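The values are calculated or read from the model by the stated rules, or taken from the named source; none is laboratory data. The structure presented is a predicted model; accordingly, all values stated were derived computationally and were not measured. Neighbour counts run over all protein chains shown; Cβ positions are idealised from the backbone, glycine included. Side chains included, ligands, DNA and RNA excluded: accessible areas come from the protein's heavy atoms. Shrake-Rupley method; radii C 1.70, N 1.55, O 1.52, S 1.80 Å.
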2 protein chains.
Amino acid sequence: MTLAPSSADTRAACLARDAADPLAPLRDRFDLPDGVIYLDGNSLGARPRAALDRARDVVAREWGQDLIRSWNSAGWFDLPKRLGDRLAPLVGARPGEIVVTDTTSLNLFKALAAALAIQQDRDPQRKVIVTERSNFPTDIYMADGLARWLDRGYELLLVDSPEELDAAIDARCAVLMLTHVNYRTGRQHDMAALTRLAHARGALVLWDLAHSAGAVPVDLHAADADFAVGCTYKYLNGGPGAPAFIWVPERHQAAFRHPLTGWWSHAKPFAMSHGFAAAEGIGRALCGTQPVVSLALVECGLEVFEQTDMAALRAKSLALTDLFIALVESRCARHPLGLVTPRAHDARGSQVSFTHPHGYAVMQALIERGVIGDYREPEIMRFGFTPLYTRFVDVWDAVEILRDILDREAYDAAAARGAVT
Amino acid sequence: MTLAPSSADTRAACLARDAADPLAPLRDRFDLPDGVIYLDGNSLGARPRAALDRARDVVAREWGQDLIRSWNSAGWFDLPKRLGDRLAPLVGARPGEIVVTDTTSLNLFKALAAALAIQQDRDPQRKVIVTERSNFPTDIYMADGLARWLDRGYELLLVDSPEELDAAIDARCAVLMLTHVNYRTGRQHDMAALTRLAHARGALVLWDLAHSAGAVPVDLHAADADFAVGCTYKYLNGGPGAPAFIWVPERHQAAFRHPLTGWWSHAKPFAMSHGFAAAEGIGRALCGTQPVVSLALVECGLEVFEQTDMAALRAKSLALTDLFIALVESRCARHPLGLVTPRAHDARGSQVSFTHPHGYAVMQALIERGVIGDYREPEIMRFGFTPLYTRFVDVWDAVEILRDILDREAYDAAAARGAVT
């Protein structure tokens, strides 16, 4: 195995590692611009080459020529389930347990509503949704929106560190709602251990896999998780804003109820009955008509994963992030960079975040030099590593450009902050 | 004006009307398959030719080459508002009052939640949502889902005919929620009159424009409507399942609150604050990240409308539906066809529905002969007319094929019913 960290970290050594990397040929599956080192696949994954032909086919033939018939003949109706089944192996789910639909925000709303309803039946005294203050904001906003509107005494408890979770998951906790890999720090939770803890205390667990699916190995069944949602446009390379996914294991499907009961969640949508009857199975997690063109492109991203497996991807991901951390810390040692991402492998996702007092300006300068990462308040520069297409030499070159910018102070320290996306 | 019904209804007369039709050149803006008479634009609009190049550009350049930068450089973040402003003139809305986002089902949920919240502040005794049993089912399901989850005594009152609305809109009515043009019958409500009636009784009015936007003239401000939602993939030709729209007039925006508070509805989404603060203006009707490829294609449909206006489109639409009704009733007179769509112009949308005891089988036979309409329970054959691309000769030919099928009983009367889409 040539993926172990090299003792001689030189550009030549990185090129040698790429030459020996069994995943290296997968880079050709993607269209990447010249002159760019793309370290933002944790925000928007690169374009699979197949997506252009697929877009042409969906637009020109399926829509343009076959028109309304494509709902059946091109399988448009089945896309949410077909894509869900194809995604399932990446997160340890089974066929018939995932649909690709709507947005992560909305899917979280559905799953949280269902979890609260289950607890309402089991133990109505449980009124607290526990999560982290550092969770991705939309998760907190959606939970807050649901809790306020239900207006039955539900509360959000935001903990400030993972260490506080143990105390927070008490007899009043209805649902533990966590993002598996933190979007800002790249810290990964121990899904199995936290799920076990929550279950032991009578709580249900809802996992947001936005920065996990396709990034780190996930086994929802092994962890005995209750619900999960996630994103297809980051590490799964499904396209900008592509529909999200929701996982409901078979054991919870019969009890899965939520208020967003659109016609696609009806048992017989074309009976056009005015009475609602939820579909059996995962179909009840759907709501309204889905954006077919965007949805269809998700398949092009998923296809690439079928050429490899998450164990191989994880090995390379850790090698890439190890190398990046080592190079930044050695070659940029005299600059005030602070590693935010855990060094421990089992606590790390597939990104590395460093703080810098002028993080926003430094990231702007990096982007101008073709190293695309992004910036998140406060002071955090994020670098995402996608083993499907990121090379070891990319890591070397990115760090050299970062070093050059810092050494020469070639950034505008007075730049007004804003979103660097 | 050559659009008036012709006294001599012959194929030659239809060709002459097409030759004199000032809208005829707009058909070239669409890619329509050979050998097909497409009368289902009320379900899925045809593909604007521009959509193929636009798809290629969004996928290859904006996504593939510019990657994450396109959120700003290609204006992806602004798409919901930009498209909303472009759609606004078609429904009598003003800039800054519409976003194109999510699905009609979800937008209806948001608008209904907001309307109920406004009434809760004004007159908390108002607990009834009035609609029609014949409304599109998803509207009823979403309202039911919201009412059940709020669990504060809200009820749905389903009336069986428009005549019952007067009595139903009483002092307990919080919201009158109607679809402007009925999906099955093509009957059009008098938006201004019903809004006036509801306002006089203290109710708010939410209009679903799924079968109205781009199909019939709509003036939301002239009608003094409160909220509206609608669809972009029918008469607006935005592409399969393309995101829907929601209209909130400026006078209601400050009070517009709903539970689906995703990060796109936040005043400063990239501040990544854990506390929710709703955006000013129409932005608060957004929720999560939108499917950019599908969303971008909506613009290609809207562009075509800028070549004409709704008055011209309405005149041709009525001429087409008048002709269709007249030809079916004269040339298929000996068959048991029943006109469902109103004859009165001001009560008709841009579709015509006929019942037939074997409606399902007859529609199957029509589709096999290249005349694409659709079928809705019970017994209803729907024919949509899109003056942007439907020709008078198409009407003639469609009726001749229908007549031939009926005369020869060339349909499988024993065919199992199902969705004909």
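Observations on the structure shown:
- Taking the stretch B:315-340 as the range and being among the polar types (S, T, N, Q) and under 20 Å from the mean Cα position of the chain (by Cα) as the test, the residues that pass are B:SER317, B:THR321.
- Residues that are over 26 Å from B:LEU106 (Cα atoms) and assigned to a loop (DSSP other than H, G, I, E, B) are absent from the stretch A:96-103.
- In the stretch B:242-271, the residues that are over 29 Å from A:LEU297 (Cα atoms) and within 14 Å of chain A (Cβ to nearest Cβ): B:PHE256, B:ARG257, B:HIS258, B:PRO259, B:ALA267, B:LYS268, B:ALA271
- Total residues in the stretch A:128-170, condition open to solvent by less than 40 Å² (accessible area, probe 1.4 Å) and farther than 24 Å from B:ALA271 by Cβ: 6
- Test: residue in the stretch A:253-261 that is surrounded by 23 or more Cβ atoms within 10 Å (Cβ to Cβ) and in contact with a Cys (Cβ under 8 Å, 6 or more places away or on another chain): yes
- Looking at A:ARG382, A:ARG343, just one residue is under 29 Å from A:ARG29 (Cβ atoms) and either over 19 Å from the mean Cα position of the chain (by Cα) or not in a loop (DSSP other than H, G, I, E, B) (or both), and that residue is A:ARG382.
- Of everything in the stretch B:297-317 that is part of a helix (DSSP H, G or I) and out of contact with any Leu (no Cβ under 8 Å at 6 or more places or on another chain), the residue that is surrounded by the fewest Cβ atoms within 10 Å (Cβ to Cβ) is B:ALA311.
- Among the residues making up the stretch B:272-281, a single one is facing another protein chain (nearest Cβ under 9 Å) and of a type in the set (A, V, I, L, M): B:MET272.
Every residue, every condition in (1) of a type outside the set (D, E, K, R); (2) touching a Pro at 6+ places or on another chain (Cβ under 9 Å); (3) over 23 Å from A:SER212 (Cβ atoms); (4) surrounded by fewer than 19 Cβ atoms within 10 Å (Cβ to Cβ), yes or no:
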{"position": "A:ALA319", "(1), (2), (3), (4)": "yes, yes, no, no"}
{"position": "A:PHE324", "(1), (2), (3), (4)": "yes, no, no, no"}
{"position": "A:ARG331", "(1), (2), (3), (4)": "no, no, yes, yes"}
{"position": "A:LEU339", "(1), (2), (3), (4)": "yes, no, no, yes"}
{"position": "A:VAL362", "(1), (2), (3), (4)": "yes, no, yes, no"}
{"position": "A:GLU368", "(1), (2), (3), (4)": "no, no, yes, yes"}
{"position": "A:GLU377", "(1), (2), (3), (4)": "no, no, no, yes"}
{"position": "A:ALA413", "(1), (2), (3), (4)": "yes, yes, yes, yes"}
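- Pairing residues of the stretch A:121-135 that are in contact (Cβ under 8 Å) with a residue 12 or more places away in the chain with residues that are open to solvent by less than 10 Å² (accessible area, probe 1.4 Å) and assigned to a loop (DSSP other than H, G, I, E, B), at Cβ distances under 7 Å and at least 6 apart in sequence or on separate chains, gives A:VAL130/A:ILE169; A:SER134/A:ASN182.
- Filter result (farther than 20 Å from A:ARG408 by Cβ and not in a loop (DSSP other than H, G, I, E, B)) within the stretch A:320-340: A:LEU320, A:THR321, A:ASP322, A:LEU323, A:PHE324, A:ILE325, A:ALA326, A:GLY338, A:LEU339
- Residue within the stretch B:398-405 that is closer than 24 Å to B:VAL216 by Cβ and open to solvent by less than 40 Å² (accessible area, probe 1.4 Å) present: yes
- Candidates in the stretch B:35-58 are the residues that are open to solvent by 20 Å² or more (accessible area, probe 1.4 Å) and of a type in the set (Lys, Arg); of these, the one that is nearest to the other protein chains (Cβ to nearest Cβ) is B:ARG56.
- Flag for A:PRO80 being modelled with pLDDT of 95 or more and either open to solvent by 10 Å² or more (accessible area, probe 1.4 Å) or among the charged types (D, E, K, R) (or both): no
- Selection status of B:THR355, at pLDDT 95 or above, under 21 Å from the mean Cα position of the chain (by Cα) and closer than 29 Å to B:ALA193 by Cβ: no
- Residue satisfying all of: in the stretch B:101-127; within 15 Å of the chain's Cα centre (by Cα) and more than 8 Å from every other protein chain (Cβ to nearest Cβ); surrounded by the fewest Cβ atoms within 10 Å (Cβ to Cβ) among these: B:THR101
- Evaluating B:TRP76 against the criteria (1) assigned to a helix (DSSP H, G or I); (2) more than 20 Å from the chain's Cα centre (by Cα); (3) within 19 Å of B:CYS287 (Cα to Cα) leaves one unmet condition, (1).
- Residue match in the stretch A:356-366 (condition: in a helix (DSSP H, G or I), touching a strand residue (DSSP E or B) at 6+ places or on another chain (Cβ under 9 Å) and over 29 Å from B:PHE77 (Cβ atoms)): no
- Conditions (1) open to solvent by less than 10 Å² (accessible area, probe 1.4 Å); (2) closer than 27 Å to B:TYR233 by Cα; (3) under 24 Å from the mean Cα position of the chain (by Cα); number of the one not met by A:GLY64: (3)
- Only one entry of A:ARG148, A:ARG133 meets the criterion of being within 12 Å of another protein chain (Cβ to nearest Cβ), among the basic types (Lys, Arg) and within 25 Å of the chain's Cα centre (by Cα), and that entry is A:ARG133.
- Matching entry among A:GLY239, A:GLY230 (being open to solvent by less than 40 Å² (accessible area, probe 1.4 Å), within 14 Å of chain B (Cβ to nearest Cβ), under 19 Å from A:ASP139 (Cα atoms) and modelled with pLDDT of 95 or more): A:GLY230
- Of all residues making up the stretch A:20-49, the number that are part of a strand (DSSP E or B) and either touching a Pro at 6+ places or on another chain (Cβ under 8 Å) or on the phi > 0 side of the Ramachandran plot (or both): 2
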